[in-house]
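See below for the structure under consideration.
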Amino acid sequence: MKKYFLSFIEEAIFNPKYEGYRGGRLEVYVNDEPYAIEEIRFFTKNVEEFIEFRDKWDFQEVPARKLKEIRQAIKEKFSEFE
């Protein structure tokens, strides 16, 4: 069974309009490939819940069905793109 390795990368937000937001990407790796096969963007003001989510999944290996659930959770809870 293929497993996907997850790594959250947070990025600095300099626009004062978005003070208090967290943003960046979740990089998804497969096997021992040196480059991410996917980047899932996040941008949220829901910081406390995001930190819990990130701490749970950062540096974890998950099967495809769990990756699909994580992708959907980020889209629904942590994507406030304009």
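Scanning the range 35-53 for residues that are within 14 Å of Y21 (Cβ to Cβ) and out of contact with any helix residue (DSSP H, G or I) (no Cβ under 9 Å at 6 or more places or on another chain) yields V47, E48, I51. Considering the conditions (1) modelled with pLDDT of 95 or more; (2) open to solvent by less than 40 Å² (accessible area, probe 1.4 Å), A64 is excluded by exactly one of them, (2).
Considering only strands (runs of 3 or more DSSP E) fully contained in the chain, which possess at least 3 residues that are in contact (Cβ under 8 Å) with a residue 40 or more places away in the chain?
Fully inside the chain and qualifying: 3-11, 61-63.
Collect the residues in the range 23-52 that are in contact with a Phe, Trp or Tyr (Cβ under 7 Å, 6 or more places away or on another chain) and farther than 18 Å from I13 by Cα, keeping them in residue-number order. V28, Y29, V30, A36, I37 - these are the residues of the range 23-52 that are in contact with a Phe, Trp or Tyr (Cβ under 7 Å, 6 or more places away or on another chain) and farther than 18 Å from I13 by Cα. Reported count of residues in the range 48-58, each being open to solvent by 40 Å² or more (accessible area, probe 1.4 Å) and more than 15 Å from K75 (Cβ to Cβ), is 6.
Take the residues in the range 1-47 that are within 13 Å of the chain's Cα centre (by Cα) and open to solvent by 60 Å² or more (accessible area, probe 1.4 Å); name whichever of them is farthest from Q72 (Cα to Cα). Only one residue tops the list, namely E11.
The values are calculated or read from the model by the stated rules, or taken from the named source; none is laboratory data. No experiment lies behind these values; they were computed from the predicted model shown. Using ideal geometry, Cβ is built from the backbone for each residue, glycine included, and neighbour counts are taken over all protein chains shown. Surface areas here come from the heavy atoms of the whole protein model, side chains and all, with no ligands, DNA or RNA. Shrake-Rupley method; radii C 1.70, N 1.55, O 1.52, S 1.80 Å.
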